[in-house]
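Participant: Just passing along the structure, written as C-alpha coordinates.
The values are calculated or read from the model by the stated rules, or taken from the named source; none is laboratory data. Small disclaimer: the values here were computed from a predicted structure and weren't measured. Backbone-built Cβ (ideal geometry, glycine too); neighbour counts: all protein chains shown. All accessible areas refer to the heavy atoms of the entire protein, side chains included, with ligands and DNA or RNA removed. Shrake-Rupley method; radii C 1.70, N 1.55, O 1.52, S 1.80 Å.
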Amino acid sequence: MFILYWTAFKRVTLRFLAEPKWLLLMISVVLMSLVYLNGSINNLPVAVVDLDHSASSRELIRVLDTSAKANITIYENSLDAYQDINDRKLFAVITIPHDYEKRLLKGETITIPAYGDASSRLANGMIQQDFKSIYQQFLSRYNANLMRNSGLTAEQVNIILMPIKSQIDPLYNAGISFAAITFPGLLVMLLQHSLLIVSTRTHIALSASPQGKPPAIIFLGSLSALIPIWLFLSIVLFGLWPWILGYRQLATLPQILLMTFPFLLAVLGLAKLLTESLRKIEMIYLTLSFMTTPVFYLSGTIWPLEAMPNWVKCIAKLLPSTWATNMIAGVNQMGLSILDNLFNLFMLMVLGCFYAFLGIFIAMVREGRARAFFKRYSFKYFYK
(Lines give C-alpha, C1' and ligand atoms only; values in the text may rest on other atoms or scores of the structure.)
Protein backbone atom coordinates (compact mmCIF):
# COMPACT_ATOMS: atom_id res chain seq x y z
CA MET A 1 0.00 0.00 0.00
CA PHE A 2 2.75 2.42 0.94
CA ILE A 3 4.66 1.67 -2.28
CA LEU A 4 1.58 2.52 -4.37
CA TYR A 5 1.05 5.71 -2.36
CA TRP A 6 4.69 6.80 -2.67
CA THR A 7 4.81 6.01 -6.39
CA ALA A 8 1.73 8.14 -7.10
CA PHE A 9 3.00 10.91 -4.82
CA LYS A 10 6.43 11.00 -6.51
CA ARG A 11 5.00 10.85 -10.04
CA VAL A 12 2.66 13.82 -9.54
CA THR A 13 5.33 15.82 -7.69
CA LEU A 14 7.91 15.32 -10.42
CA ARG A 15 5.36 16.21 -13.09
CA PHE A 16 4.51 19.50 -11.39
CA LEU A 17 8.18 20.31 -10.86
CA ALA A 18 8.99 19.54 -14.48
CA GLU A 19 6.09 21.69 -15.72
CA PRO A 20 5.69 24.42 -13.08
CA LYS A 21 2.42 25.78 -14.41
CA TRP A 22 1.41 26.48 -10.82
CA LEU A 23 3.87 29.40 -10.93
CA LEU A 24 1.25 31.19 -13.04
CA LEU A 25 -0.60 31.70 -9.77
CA MET A 26 2.33 33.69 -8.40
CA ILE A 27 2.48 35.77 -11.58
CA SER A 28 -1.25 36.55 -11.38
CA VAL A 29 -0.92 37.54 -7.71
CA VAL A 30 1.99 39.83 -8.54
CA LEU A 31 0.03 41.53 -11.32
CA MET A 32 -3.14 41.98 -9.24
CA SER A 33 -1.37 43.15 -6.12
CA LEU A 34 0.61 45.84 -7.95
CA VAL A 35 -2.46 48.09 -7.62
CA TYR A 36 -1.87 47.91 -3.83
CA LEU A 37 1.82 48.82 -4.15
CA ASN A 38 1.40 52.29 -2.63
CA GLY A 39 -0.35 50.83 0.42
CA SER A 40 -2.97 53.55 0.49
CA ILE A 41 -4.71 56.11 -1.70
CA ASN A 42 -2.94 59.49 -1.55
CA ASN A 43 -2.61 62.73 -3.54
CA LEU A 44 -6.01 62.58 -5.21
CA PRO A 45 -6.55 65.72 -7.35
CA VAL A 46 -8.98 68.15 -5.71
CA ALA A 47 -9.83 71.62 -7.02
CA VAL A 48 -10.34 74.69 -4.84
CA VAL A 49 -12.05 77.74 -6.36
CA ASP A 50 -11.19 80.80 -4.26
CA LEU A 51 -13.77 83.50 -4.95
CA ASP A 52 -12.91 85.55 -1.84
CA HIS A 53 -9.12 86.00 -2.29
CA SER A 54 -8.71 86.98 1.35
CA ALA A 55 -6.24 86.07 4.06
CA SER A 56 -8.81 83.77 5.68
CA SER A 57 -9.54 81.92 2.44
CA ARG A 58 -5.83 81.42 1.80
CA GLU A 59 -5.44 80.08 5.33
CA LEU A 60 -8.28 77.61 4.71
CA ILE A 61 -6.58 76.47 1.50
CA ARG A 62 -3.33 75.89 3.40
CA VAL A 63 -5.20 73.82 5.98
CA LEU A 64 -6.90 71.75 3.27
CA ASP A 65 -3.55 71.21 1.60
CA THR A 66 -2.28 69.43 4.72
CA SER A 67 -4.48 66.46 3.82
CA ALA A 68 -2.47 63.46 2.68
CA LYS A 69 -5.39 62.18 0.62
CA ALA A 70 -5.79 65.30 -1.55
CA ASN A 71 -3.56 67.21 -3.91
CA ILE A 72 -4.99 70.75 -3.97
CA THR A 73 -5.11 72.63 -7.29
CA ILE A 74 -6.31 76.25 -7.45
CA TYR A 75 -8.89 77.10 -10.14
CA GLU A 76 -9.94 80.61 -11.14
CA ASN A 77 -13.59 79.79 -11.83
CA SER A 78 -16.06 77.02 -11.04
CA LEU A 79 -16.97 76.19 -14.64
CA ASP A 80 -13.49 74.91 -15.48
CA ALA A 81 -13.40 72.88 -12.29
CA TYR A 82 -16.82 71.30 -12.92
CA GLN A 83 -15.78 70.47 -16.47
CA ASP A 84 -12.66 68.69 -15.20
CA ILE A 85 -14.62 66.72 -12.62
CA ASN A 86 -16.99 65.62 -15.39
CA ASP A 87 -13.95 64.55 -17.42
CA ARG A 88 -12.71 62.48 -14.42
CA LYS A 89 -9.62 64.67 -13.97
CA LEU A 90 -10.69 65.68 -10.45
CA PHE A 91 -12.25 63.85 -7.52
CA ALA A 92 -13.78 66.90 -5.80
CA VAL A 93 -14.36 70.66 -6.20
CA ILE A 94 -14.49 73.02 -3.21
CA THR A 95 -15.70 76.60 -3.71
CA ILE A 96 -14.89 79.32 -1.16
CA PRO A 97 -17.65 82.00 -1.45
CA HIS A 98 -17.08 85.74 -2.05
CA ASP A 99 -18.00 86.91 1.45
CA TYR A 100 -16.15 84.19 3.31
CA GLU A 101 -13.86 86.39 5.45
CA LYS A 102 -16.52 89.06 6.08
CA ARG A 103 -19.06 86.55 7.37
CA LEU A 104 -16.36 84.75 9.31
CA LEU A 105 -15.45 87.95 11.20
CA LYS A 106 -19.12 88.69 11.89
CA GLY A 107 -19.66 85.18 13.28
CA GLU A 108 -22.30 84.34 10.70
CA THR A 109 -23.00 80.91 9.26
CA ILE A 110 -20.92 80.12 6.18
CA THR A 111 -21.68 77.52 3.55
CA ILE A 112 -18.70 76.11 1.65
CA PRO A 113 -20.03 73.97 -1.21
CA ALA A 114 -18.06 70.83 -2.00
CA TYR A 115 -18.86 68.51 -4.90
CA GLY A 116 -17.32 65.05 -5.10
CA ASP A 117 -17.16 62.31 -7.71
CA ALA A 118 -19.23 59.64 -5.95
CA SER A 119 -18.71 57.10 -8.74
CA SER A 120 -15.47 56.12 -6.99
CA ARG A 121 -16.82 55.34 -3.53
CA LEU A 122 -13.48 54.51 -1.95
CA ALA A 123 -11.66 57.66 -3.10
CA ASN A 124 -14.68 59.90 -2.49
CA GLY A 125 -15.22 58.48 1.00
CA MET A 126 -11.60 58.95 1.99
CA ILE A 127 -11.56 62.59 0.78
CA GLN A 128 -14.84 63.29 2.54
CA GLN A 129 -13.67 61.79 5.81
CA ASP A 130 -10.35 63.63 5.68
CA PHE A 131 -11.92 67.01 4.90
CA LYS A 132 -14.56 66.60 7.61
CA SER A 133 -11.78 66.12 10.13
CA ILE A 134 -9.94 69.21 8.80
CA TYR A 135 -13.14 71.27 8.89
CA GLN A 136 -13.77 70.18 12.47
CA GLN A 137 -10.26 71.13 13.57
CA PHE A 138 -10.50 74.48 11.78
CA LEU A 139 -13.90 75.18 13.36
CA SER A 140 -12.69 74.22 16.84
CA ARG A 141 -9.72 76.58 16.53
CA TYR A 142 -12.00 79.39 15.30
CA ASN A 143 -14.47 78.89 18.17
CA ALA A 144 -11.62 78.75 20.67
CA ASN A 145 -10.36 82.15 19.50
CA LEU A 146 -13.86 83.65 19.82
CA MET A 147 -14.26 82.33 23.36
CA ARG A 148 -10.81 83.50 24.43
CA ASN A 149 -11.59 86.98 23.05
CA SER A 150 -14.78 86.89 25.14
CA GLY A 151 -12.76 86.46 28.35
CA LEU A 152 -12.90 82.70 28.89
CA THR A 153 -9.83 80.91 30.17
CA ALA A 154 -8.07 78.16 28.23
CA GLU A 155 -9.41 75.53 30.66
CA GLN A 156 -12.99 76.74 30.20
CA VAL A 157 -12.56 76.72 26.42
CA ASN A 158 -11.33 73.10 26.50
CA ILE A 159 -14.27 72.03 28.68
CA ILE A 160 -16.78 73.68 26.33
CA LEU A 161 -15.25 72.36 23.13
CA MET A 162 -14.39 68.89 24.45
CA PRO A 163 -16.62 68.04 27.41
CA ILE A 164 -16.00 64.32 26.80
CA LYS A 165 -12.60 62.99 25.80
CA SER A 166 -12.61 59.77 23.84
CA GLN A 167 -9.91 57.13 24.02
CA ILE A 168 -9.51 54.64 21.16
CA ASP A 169 -7.36 51.57 21.71
CA PRO A 170 -6.39 49.60 18.57
CA LEU A 171 -7.48 46.18 19.87
CA TYR A 172 -7.66 44.67 16.38
CA ASN A 173 -5.81 46.76 13.86
CA ALA A 174 -6.06 45.42 10.31
CA GLY A 175 -3.38 47.71 8.97
CA ILE A 176 -3.00 51.17 7.56
CA SER A 177 -5.11 50.90 4.46
CA PHE A 178 -7.99 49.32 2.64
CA ALA A 179 -5.48 47.22 0.70
CA ALA A 180 -4.12 45.63 3.87
CA ILE A 181 -7.65 44.47 4.71
CA THR A 182 -8.60 43.06 1.31
CA PHE A 183 -5.20 41.56 0.48
CA PRO A 184 -5.47 38.38 2.65
CA GLY A 185 -8.95 37.62 1.30
CA LEU A 186 -7.70 37.95 -2.27
CA LEU A 187 -4.79 35.57 -1.63
CA VAL A 188 -7.00 32.99 0.09
CA MET A 189 -9.45 33.07 -2.81
CA LEU A 190 -6.65 32.55 -5.36
CA LEU A 191 -5.21 29.63 -3.41
CA GLN A 192 -8.61 28.01 -3.12
CA HIS A 193 -9.54 28.55 -6.76
CA SER A 194 -6.23 27.28 -8.16
CA LEU A 195 -6.17 24.20 -5.91
CA LEU A 196 -9.76 23.36 -6.83
CA ILE A 197 -8.89 23.45 -10.53
CA VAL A 198 -5.73 21.36 -10.20
CA SER A 199 -7.17 18.77 -7.81
CA THR A 200 -10.34 18.23 -9.83
CA ARG A 201 -8.26 17.95 -13.02
CA THR A 202 -5.98 15.40 -11.34
CA HIS A 203 -8.93 13.39 -10.07
CA ILE A 204 -10.61 13.25 -13.49
CA ALA A 205 -7.34 12.38 -15.24
CA LEU A 206 -6.85 9.42 -12.91
CA SER A 207 -10.44 8.26 -13.35
CA ALA A 208 -10.09 8.35 -17.14
CA SER A 209 -6.91 6.28 -17.16
CA PRO A 210 -6.74 3.68 -20.00
CA GLN A 211 -5.79 1.02 -17.42
CA GLY A 212 -9.08 1.61 -15.60
CA LYS A 213 -9.87 3.39 -12.40
CA PRO A 214 -6.90 3.04 -10.01
CA PRO A 215 -7.29 2.08 -6.35
CA ALA A 216 -8.06 4.68 -3.70
CA ILE A 217 -4.47 4.73 -2.45
CA ILE A 218 -3.33 6.05 -5.87
CA PHE A 219 -5.87 8.88 -5.64
CA LEU A 220 -4.68 9.66 -2.12
CA GLY A 221 -1.02 9.73 -3.13
CA SER A 222 -1.63 11.88 -6.22
CA LEU A 223 -3.73 14.46 -4.35
CA SER A 224 -1.30 14.49 -1.41
CA ALA A 225 1.44 15.56 -3.82
CA LEU A 226 -0.39 18.86 -4.31
CA ILE A 227 -0.15 19.82 -0.63
CA PRO A 228 3.64 20.55 -0.46
CA ILE A 229 3.44 22.71 -3.60
CA TRP A 230 0.53 24.77 -2.28
CA LEU A 231 2.17 25.02 1.15
CA PHE A 232 5.16 26.57 -0.61
CA LEU A 233 2.81 28.97 -2.42
CA SER A 234 1.19 29.90 0.90
CA ILE A 235 4.60 30.82 2.36
CA VAL A 236 5.30 33.03 -0.64
CA LEU A 237 1.84 34.64 -0.71
CA PHE A 238 1.23 35.07 3.03
CA GLY A 239 4.82 35.58 4.16
CA LEU A 240 7.19 36.84 1.51
CA TRP A 241 4.96 38.91 -0.79
CA PRO A 242 3.26 41.06 1.90
CA TRP A 243 6.70 41.77 3.34
CA ILE A 244 7.94 42.91 -0.10
CA LEU A 245 4.91 45.20 -0.52
CA GLY A 246 5.46 46.63 2.95
CA TYR A 247 2.28 45.39 4.62
CA ARG A 248 2.01 44.40 8.22
CA GLN A 249 3.48 40.92 8.70
CA LEU A 250 3.04 39.31 12.12
CA ALA A 251 2.67 35.57 11.53
CA THR A 252 5.76 33.34 11.56
CA LEU A 253 6.37 30.71 8.90
CA PRO A 254 5.32 27.81 11.22
CA GLN A 255 2.08 29.68 11.96
CA ILE A 256 1.43 30.21 8.25
CA LEU A 257 1.93 26.49 7.57
CA LEU A 258 -0.27 25.53 10.52
CA MET A 259 -3.08 27.76 9.25
CA THR A 260 -2.76 26.80 5.59
CA PHE A 261 -2.57 23.02 5.97
CA PRO A 262 -6.16 22.44 7.23
CA PHE A 263 -7.37 24.97 4.67
CA LEU A 264 -5.79 22.95 1.85
CA LEU A 265 -7.33 19.73 3.22
CA ALA A 266 -10.75 21.40 3.25
CA VAL A 267 -10.29 22.56 -0.35
CA LEU A 268 -9.27 19.02 -1.41
CA GLY A 269 -12.45 17.70 0.21
CA LEU A 270 -14.53 20.28 -1.67
CA ALA A 271 -12.74 19.31 -4.90
CA LYS A 272 -13.73 15.68 -4.31
CA LEU A 273 -17.37 16.70 -3.96
CA LEU A 274 -17.28 18.88 -7.09
CA THR A 275 -15.60 16.15 -9.12
CA GLU A 276 -18.09 13.45 -8.17
CA SER A 277 -21.06 15.79 -8.62
CA LEU A 278 -20.16 17.33 -11.99
CA ARG A 279 -17.92 14.62 -13.47
CA LYS A 280 -16.99 16.54 -16.65
CA ILE A 281 -13.99 18.85 -16.63
CA GLU A 282 -15.85 21.41 -18.77
CA MET A 283 -18.65 21.64 -16.21
CA ILE A 284 -16.14 21.97 -13.39
CA TYR A 285 -14.27 24.83 -15.09
CA LEU A 286 -17.55 26.56 -15.92
CA THR A 287 -18.77 26.23 -12.33
CA LEU A 288 -15.50 27.48 -10.84
CA SER A 289 -15.42 30.47 -13.18
CA PHE A 290 -18.82 31.57 -11.85
CA MET A 291 -17.85 30.85 -8.24
CA THR A 292 -14.73 33.03 -8.05
CA THR A 293 -16.25 36.46 -7.51
CA PRO A 294 -19.17 35.33 -5.25
CA VAL A 295 -16.74 33.39 -3.06
CA PHE A 296 -14.58 36.51 -2.62
CA TYR A 297 -17.58 38.60 -1.55
CA LEU A 298 -18.94 35.88 0.74
CA SER A 299 -15.60 35.52 2.55
CA GLY A 300 -16.29 38.58 4.73
CA THR A 301 -13.43 40.62 3.27
CA ILE A 302 -15.57 43.26 1.56
CA TRP A 303 -18.75 42.95 3.62
CA PRO A 304 -18.86 41.65 7.24
CA LEU A 305 -20.57 38.32 7.83
CA GLU A 306 -22.61 39.79 10.67
CA ALA A 307 -24.28 42.22 8.25
CA MET A 308 -25.33 39.49 5.83
CA PRO A 309 -28.80 37.85 5.83
CA ASN A 310 -28.83 34.62 7.81
CA TRP A 311 -29.30 32.38 4.79
CA VAL A 312 -26.40 34.10 2.98
CA LYS A 313 -24.28 33.75 6.10
CA CYS A 314 -24.98 30.00 6.13
CA ILE A 315 -23.74 29.70 2.54
CA ALA A 316 -20.64 31.74 3.37
CA LYS A 317 -19.79 29.48 6.31
CA LEU A 318 -19.88 26.42 4.06
CA LEU A 319 -16.88 27.75 2.11
CA PRO A 320 -13.35 26.99 3.35
CA SER A 321 -12.14 30.43 2.21
CA THR A 322 -14.45 32.17 4.71
CA TRP A 323 -12.83 30.50 7.72
CA ALA A 324 -9.32 30.75 6.24
CA THR A 325 -9.65 34.48 5.52
CA ASN A 326 -10.85 35.18 9.05
CA MET A 327 -8.02 33.15 10.55
CA ILE A 328 -5.12 34.27 8.35
CA ALA A 329 -6.08 37.95 8.43
CA GLY A 330 -6.54 37.72 12.21
CA VAL A 331 -3.08 36.23 12.83
CA ASN A 332 -1.07 37.86 10.06
CA GLN A 333 -2.52 41.37 10.11
CA MET A 334 -4.31 41.75 13.46
CA GLY A 335 -1.85 40.05 15.80
CA LEU A 336 -4.13 37.29 17.11
CA SER A 337 -2.67 33.99 18.24
CA ILE A 338 -3.30 30.51 16.92
CA LEU A 339 -5.16 29.71 20.13
CA ASP A 340 -7.66 32.44 19.28
CA ASN A 341 -8.39 30.64 16.00
CA LEU A 342 -8.85 27.07 17.18
CA PHE A 343 -12.49 27.16 16.14
CA ASN A 344 -11.51 28.25 12.62
CA LEU A 345 -9.05 25.35 12.42
CA PHE A 346 -11.71 22.96 13.70
CA MET A 347 -14.29 24.15 11.16
CA LEU A 348 -11.83 23.73 8.29
CA MET A 349 -11.17 20.14 9.32
CA VAL A 350 -14.91 19.47 9.70
CA LEU A 351 -15.67 20.96 6.26
CA GLY A 352 -12.87 18.94 4.67
CA CYS A 353 -14.13 15.65 6.14
CA PHE A 354 -17.76 16.47 5.36
CA TYR A 355 -17.09 17.29 1.70
CA ALA A 356 -14.78 14.32 1.21
CA PHE A 357 -17.24 11.80 2.71
CA LEU A 358 -20.11 13.35 0.78
CA GLY A 359 -18.13 13.03 -2.47
CA ILE A 360 -17.26 9.40 -1.67
CA PHE A 361 -20.93 8.66 -0.93
CA ILE A 362 -22.04 10.20 -4.26
CA ALA A 363 -19.45 8.06 -6.06
CA MET A 364 -20.72 4.93 -4.29
CA VAL A 365 -24.33 5.74 -5.20
CA ARG A 366 -23.43 6.29 -8.85
CA GLU A 367 -21.40 3.08 -9.05
CA GLY A 368 -24.08 1.04 -7.27
CA ARG A 369 -21.90 0.26 -4.25
CA ALA A 370 -23.92 2.22 -1.73
CA ARG A 371 -26.83 -0.22 -1.59
CA ALA A 372 -24.51 -3.20 -1.12
CA PHE A 373 -22.56 -1.28 1.53
CA PHE A 374 -25.63 -0.42 3.60
CA LYS A 375 -27.14 -3.87 3.09
CA ARG A 376 -23.98 -5.52 4.28
CA TYR A 377 -23.52 -3.45 7.40
CA SER A 378 -27.23 -3.28 8.27
CA PHE A 379 -27.35 -7.10 8.05
CA LYS A 380 -24.38 -7.40 10.38
CA TYR A 381 -26.01 -5.04 12.85
CA PHE A 382 -29.31 -6.95 12.69
CA TYR A 383 -27.50 -10.30 13.11
CA LYS A 384 -25.73 -9.07 16.24
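Participant: Where does the charge balance sit around S54 when Lys and Arg score +1, Asp and Glu -1, over other residues with C-beta under 12 Å from its C-beta? Before the final figure, lay out each step's value.
Facilitator: On the way: positive: R58, K102, R103; negative: D50, D52, E59, D99, E101.
Spelling it out: positives minus negatives among the neighbours equals -2.
Participant: Residue by residue through segment 234-247, what is 3J(HN,Hα) from phi via Karplus (6.51 cos²θ - 1.76 cosθ + 1.60, θ = phi - 60°)? Round to whole Hz and write x for glycine and proline.
Facilitator: 5, 5, 5, 6, 9, x, 6, 5, x, 5, 5, 6, x, 7
Participant: Show the residues, 5+ positions off or on another chain, whose built amide H is closer than 5 Å to the amide H of Y75.
Facilitator: Amide H neighbours of Y75, under 5 Å, 5+ apart: V48, V49, D50.
Participant: Here is a further query. For segment 200-272 and segment 311-356, what is the centre-to-centre distance using only Cα atoms, to the nearest Å?
Facilitator: 16 Å
Participant: Pull up the DSSP beta bridges for the chain and report the antiparallel fraction as a percent, rounded to 5. Don't skip to the answer; put the middle values down first.
Facilitator: Values: 3 of 14 bridges.
Among the beta bridges of the chain, antiparallel pairing accounts for roughly 20 percent.
Participant: Can I ask one more? Per-residue HN-Hα couplings for segment 266-272, Karplus 6.51 cos²θ - 1.76 cosθ + 1.60 at θ = phi - 60°, whole Hz, x for Gly and Pro?
Facilitator: 5, 5, 5, x, 5, 5, 4
Participant: Per residue, how much accessible surface does the chain expose to a 1.4 Å probe? Answer in Å², no decimals.
Facilitator: Working: 22530 Å² over 384 residues.
Heavy-atom SASA per residue in the chain reads 59 Å².
Participant: Once the dipole of the chain is set up with Lys and Arg at +1 and Asp and Glu at -1 on Cβ about the Cα centre, which of I217, P97, S234 lies farthest towards its positive end?
Facilitator: So the residue furthest toward the plus end is I217.
Participant: Counting only protein heavy atoms and a 1.4 Å probe, tell me what percentage of the chain's accessible area is made up of carbon and sulfur.
Facilitator: On the way: 14680 of 22530 Å².
Ligands and nucleic acids excluded, carbon and sulfur reach 65 percent.
Participant: Once the dipole of segment 272-365 is set up with Lys and Arg at +1 and Asp and Glu at -1 on Cβ about the Cα centre, which of L278, M349, N326 lies farthest towards its positive end?
Facilitator: Checking the options against the dipole of segment 272-365, the answer is L278.
Participant: Which of rounded, prolate, oblate describes segment 173-316, given a ≥ b ≥ c as roots of the alpha-carbon gyration tensor eigenvalues and a/c under 1.5 marking rounded, otherwise prolate only if a/b is larger than b/c?
Facilitator: Working: a/c = 2.59, a/b = 1.51, b/c = 1.71.
It is oblate, given that a/c is not under 1.5 and a/b is not larger than b/c.
Participant: Let me ask another. For the pair K10/A55, report the inter-label distance in nm, with labels modelled 7 Å from Cα in the Cβ direction.
Facilitator: 8.7 nm
Participant: Name the residue, out of V48, V188, V295, whose mean-square fluctuation peaks in a Gaussian network model built on the chain with Cα pairs under 10 Å.
Facilitator: Of the options given, V48 has the highest mean-square fluctuation.
Participant: Taking the chain, how much of its Cα-Cα pair set, in percent, is spaced more than 39 angstrom apart? Intermediate results must be reported in sequence, preceding the final value.
Facilitator: Working: 29967 of 73536 pairs.
Cα-Cα pairs of the chain separated by over 39 Å account for 41 percent.
Participant: Can you give me the long-range amide H partners of L336? Hydrogens built in the peptide plane at 1.01 Å from N, cutoff under 5 Å, separation of 5 or more residues or another chain.
Facilitator: Result for L336 returns V331.
Participant: Each residue of segment 194-205 in turn: what ³J(HN,Hα) in whole Hz from Karplus with 6.51, -1.76, 1.60 and θ = phi - 60°, glycine and Pro shown as x?
Facilitator: Each residue of segment 194-205 in turn: 5, 5, 4, 5, 5, 5, 5, 5, 5, 5, 5, 4 Hz.
Participant: Add -39500 (n - 2.57) for each DSSP H run of 4 or more in the chain, then divide by its residues: what number comes out at 222 nm, to the nearest 500 deg cm²/dmol? Before the final figure, lay out each step's value.
Facilitator: Values: 17 runs with 250 residues, N = 384.
Value at 222 nm, helices only: -21000 deg cm²/dmol.
Participant: Identify, among S78, A307, P163, the residue whose Cα sits farthest towards the positive end of the charge dipole of the chain, taking +1 on the Cβ of Lys and Arg and -1 on the Cβ of Asp and Glu, with the dipole about the Cα centre.
Facilitator: The listed residue farthest towards the positive side: A307.
Participant: Using DSSP, restrict attention to beta bridges with both residues in segment 1-148 and report what percent are antiparallel, rounded to the nearest 5. Can you show the working numbers first?
Facilitator: Values: 3 of 14 bridges.
Percent antiparallel among DSSP bridges in segment 1-148 is about 20.
Participant: Sticking with this one: Can you give me the long-range amide H partners of A70? Hydrogens built in the peptide plane at 1.01 Å from N, cutoff under 5 Å, separation of 5 or more residues or another chain.
Facilitator: For A70, the qualifying residues are N43, L44.
Participant: Could you tell me which of the pairs K280/K317; K69/K132; K10/K213; K272/K317 are separated by over 23 angstrom between their Cα atoms in the structure shown? Don't skip to the answer; put the middle values down first.
Facilitator: Details: K280/K317 27 Å; K69/K132 12 Å; K10/K213 19 Å; K272/K317 18 Å.
K280/K317, as the Cα separations exceed 23 Å there.
Participant: What is the dipole size for the chain, taken about its Cα centre, with +1 at each Lys and Arg Cβ and -1 at each Asp and Glu Cβ, in debye to the nearest 20? Could you put the intermediate results ahead of the total?
Facilitator: Numbers: 32 positive and 21 negative charges, 534 e Å.
Here the size comes out at about 2560 debye.
Participant: Sticking with this structure for a sec: Output the relative contact order of the chain, whole-number percent, from Cα pairs under 8 angstrom with separation of 6+ residues.
Facilitator: Numbers: 426 pairs, mean separation 67.3, N = 384.
So the answer I get is 18 percent.
Participant: Follow-up. Per the Kirkwood formula on distinct C-alpha pairs, the Rh of segment 54-107 is how many angstrom? Before the final figure, lay out each step's value.
Facilitator: Details: mean 1/r = 0.0802 Å⁻¹.
Hydrodynamic radius (Kirkwood, Cα pairs) of segment 54-107 is 12.5 Å.
Participant: Quick one: the Cα spread of segment 13-161 along its three principal axes, in angstroms, biggest first?
Facilitator: That works out to 83, 43, 20 Å along the principal axes.
Participant: Could you please report the charge total around L288, scoring K, R as +1 and D, E as -1 over all other residues with beta-carbon less than 13 angstrom from its beta-carbon? All intermediate terms of the calculation are to be shown ahead of the outcome.
Facilitator: Working: positive: R201, K280; negative: E282.
Value of the local net charge: +1.
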